[in-house]
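Some notes on the structure that comes next.
The values are calculated or read from the model by the stated rules, or taken from the named source; none is laboratory data. Owing to the predicted nature of the structure, the values given are computational and were not obtained by experimental measurement. Counting neighbours? That spans all protein chains shown, and the Cβs are built from the backbone with ideal geometry, glycine included.
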Amino acid sequence: MRILFADDETSIQELMRIELPRLGHEATVCPDGRTALAALDRTAYDCVIVDLDMPGIGGLDVIKRVREVAPDTEAVIITGKSSLESAVSAVRQGVFDYLTKPCKLAEIQAVLERVRKKRELTARLRALEGRVRRAEGSTQLVGDSAGLDGVRKLIARVAASESNVLVRGETGTGKELVARAIHEGSQRASGPLVAVNCGAMPEHLVESELFGHRKGAFTGADEHRAGLFEVADGGTLFLDEIGELPKALQPRLLRALESGEIRRVGDNHPITVDVRAVCATHRPLEDMVAAGTFREDLLFRINTFEISIPPLRQRLEDLPGLVRHFVREARPQTPPEAMLIEASVLEVLAAHQWPGNIRELANVIEHALVLCDDLPLLVDHLPARLGVLKPRANAGERFPAPTAEPAVAALPSVAAEPAPAAKPVSLRELEIQAILDGLERNQGNKARTAEELGISLKTLYNKLHQIHDGAAHDSGLARTA
């Protein structure tokens, strides 16, 4: 490590000039506090060791300066006039250790080894935090539309409170991003943010996942396990797709939110937790209450404050900023002045209805970047399905329409032949096409496709079996004919 040593005793100075390098450190040895302050202004140090009592500028003054210019640098005090007052002053200055003279070289060596280990652990922790932040992605809400600006204002309002929040929005609009922004803007930001998709957990394991279980509570419970409520203690629990929570578990969730107490499966003793709930849904919970599939009292509990996220088709003015964001996120080395996309690409994107919202747009840009060796992105890099999609007839009533028919004009493969006359399409064919398109967008990920389509994973599997059985039946009829 790089060590700054300051002491007014000549013999100790000479000893440290020899011994600190012998121990593997780079040492700067100073005869007084003034020289030490000058060294601090020139160089960054891992550890500063100073004599408490030096003429002129003392050790505590040096440490105070260390805290101002290099708060990560560890400080160690050595002194021949040990007293309770000086020890207290040193602790208040945040010193790492306090040694009294005469101190042995082995004692200094042991202190420096502890400093080294602490700095090593700190570096690892920061690297891990950076990896976690990169894995979680940015919490930045990209766009300047009035709808998104309203969402930002609501987040700023509710984040400082302890209110439960219900985030509403279509699949892919960024509900988890809003939940993360609420958490990071709250007083719980230093605590955990635990996210769970209520529709992605097997129904028989939801209770154990949320509340934990005792060893032997059920078959396969081989050890005690903390639930997500316990993991989120002191922080925020994000319950995504709350409408998918089984009706039988809704009373337990309600009690946990009201009382702050939970019970592990198979345990009679309550556990107190301090958790703020942020819930999200794309379903009309009021309709579910009327149908008897969602408890009204639970809706009141989670809906203390509501934030609704507008779908992408209602804020098309955010498209350019979102596309630039995704491109620069994927290719961060791109020069700031570089052209990222051609105008014709935005025209094609603006003509699409974006049923998968921001998530679908991110997948489209990822697809385009795979095909694009050198920026800017071109229309030819976009998925072929975007070239044949046109705005709905009533689209102009809900959001500003782009230039008339830009997408068709931009794609030669579409404009080369006249479009065939439309034929009636059955509801079943539309359903099958929606499922197949969803699987293509999500690269075969069934859980994500089910979430995007607004159905449970079990329902998606049933639909796929029906499609498969129907295809087999049609094939059999064809062979018979």
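Please work out if Asp41 is among the acidic types (Asp, Glu) and crowded, with 17+ Cβ neighbours inside 10 Å.
No.
Within region 213-225, count every residue that is basic (Lys, Arg) and in a strand (DSSP E or B).
1
When the residues of region 173-196 are filtered to those that are basic (Lys, Arg) and over 11 Å from the mean Cα position of the chain (by Cα), which remaining residue is nearest to Arg315 (Cα to Cα)?
Within region 173-196, the match that is nearest to Arg315 (Cα to Cα) is Lys175.
Identify, from the list His183, His213, the residue that is surrounded by 20 or more Cβ atoms within 10 Å (Cβ to Cβ), touching a Lys or Arg at 6+ places or on another chain (Cβ under 7 Å) and of a type outside the set (A, V, I, L, M, F, W, C).
His213
Hey, does region 303-311 have a residue that's in contact with a helix residue (DSSP H, G or I) (Cβ under 6 Å, 6 or more places away or on another chain), surrounded by fewer than 20 Cβ atoms within 10 Å (Cβ to Cβ) and among the polar types (S, T, N, Q)?
no
Considering only region 226-246, I want to know if a residue exists there that is surrounded by fewer than 19 Cβ atoms within 10 Å (Cβ to Cβ), at pLDDT below 90 and either of a type in the set (Gly, Ala, Ser) or not in a helix (DSSP H, G or I) (or both).
Yes: one or more hits.
Could you please tell me which pairs satisfy a Cβ distance under 7 Å, a separation of 6+ or placement on different chains, a first residue in region 428-440 that is under 15 Å from Ile455 (Cα atoms), and a second residue that is in a helix (DSSP H, G or I) and of a type in the set (Ser, Thr, Tyr)?
Sorted first by the residue in region 428-440, then by its partner, the pairs are Gly438/Thr449; Leu439/Thr449.
Looking only at region 335-356, filter to residues that are surrounded by fewer than 21 Cβ atoms within 10 Å (Cβ to Cβ), of a type outside the set (Ser, Thr, Tyr) and in contact (Cβ under 8 Å) with a residue 24 or more places away in the chain; which one of those is farthest from Ile435 (Cα to Cα)?
Ala338
Residues that are of a type in the set (Lys, Arg) and over 25 Å from the mean Cα position of the chain (by Cα): does region 280-300 have at least one?
yes
Return the pairs, sorted by first residue and then second, in which the second residue is modelled with pLDDT of 90 or more, the first residue lies in region 30-47 and is among the β-branched types (Val, Ile, Thr), the beta carbons are less than 9 Å apart, and the residues are 6+ apart or on different chains.
Once the first residue is among the β-branched types (Val, Ile, Thr) and sits in region 30-47, its partners that are modelled with pLDDT of 90 or more give Thr35/Ala6; Thr43/Arg2; Thr43/Leu4; Thr43/Thr28.
Scan region 30-79 for residues that are part of a loop (DSSP other than H, G, I, E, B) and not charged (D, E, K, R) and report the count.
13
With (1) modelled with pLDDT of 85 or more; (2) in contact with a strand residue (DSSP E or B) (Cβ under 9 Å, 6 or more places away or on another chain); (3) not in a loop (DSSP other than H, G, I, E, B) as the list, and Tyr98 as the residue in question, which single condition is left unmet?
It is condition (1) that Tyr98 fails.
Yes or no: Glu317 in the same structural domain as Val379 (by TED's automatic domain parsing) and more than 23 Å from the chain's Cα centre (by Cα)?
Considered against the rule, which asks whether it is in the same structural domain as Val379 (by TED's automatic domain parsing) and more than 23 Å from the chain's Cα centre (by Cα), Glu317 comes out as yes.
Got a sec? Which of Thr272, Thr293 is without any contact (Cβ under 8 Å) to a residue 60 or more places away in the chain, among the hydroxyl-bearing types (Ser, Thr, Tyr) and loosely packed, with under 14 Cβ neighbours inside 10 Å?
Only one candidate passes the filter, namely Thr272.
Restricting to region 241-272, count the residues that are hydrophobic (A, V, I, L, M, F, W, C), out of contact with any strand residue (DSSP E or B) (no Cβ under 6 Å at 6 or more places or on another chain) and under 28 Å from Asp222 (Cβ atoms).
Of the residues in that region, 4 qualify.
Look at Val167 and say whether it is modelled with pLDDT of 90 or more, assigned to a helix (DSSP H, G or I) and β-branched (Val, Ile, Thr).
In short, no.
Under 15 Å from Asp32 (Cβ atoms) and modelled with pLDDT under 85, is that true of Asp61?
Considered against the rule, which asks whether it is under 15 Å from Asp32 (Cβ atoms) and modelled with pLDDT under 85, Asp61 comes out as no.
When you check Leu377 against the structure, is it over 26 Å from Glu451 (Cα atoms), out of contact with any Ser or Thr (no Cβ under 6 Å at 6 or more places or on another chain), crowded, with 18+ Cβ neighbours inside 10 Å and modelled with pLDDT of 90 or more, yes or no?
yes
Condition first: in contact with a helix residue (DSSP H, G or I) (Cβ under 7 Å, 6 or more places away or on another chain) and touching a residue at least 40 places away in the same chain (Cβ under 8 Å). Now tell me which residues in region 443-459 satisfy that.
Answer for region 443-459, where residues must be in contact with a helix residue (DSSP H, G or I) (Cβ under 7 Å, 6 or more places away or on another chain) and touching a residue at least 40 places away in the same chain (Cβ under 8 Å): Ala447, Ala450, Glu452, Leu453, Ser456, Leu457.
I'm checking my understanding of the structure. Among residues of region 1-29 that are assigned to a loop (DSSP other than H, G, I, E, B) and touching a residue at least 60 places away in the same chain (Cβ under 8 Å), which one is nearest to Glu107 (Cα to Cα)?
Leu23
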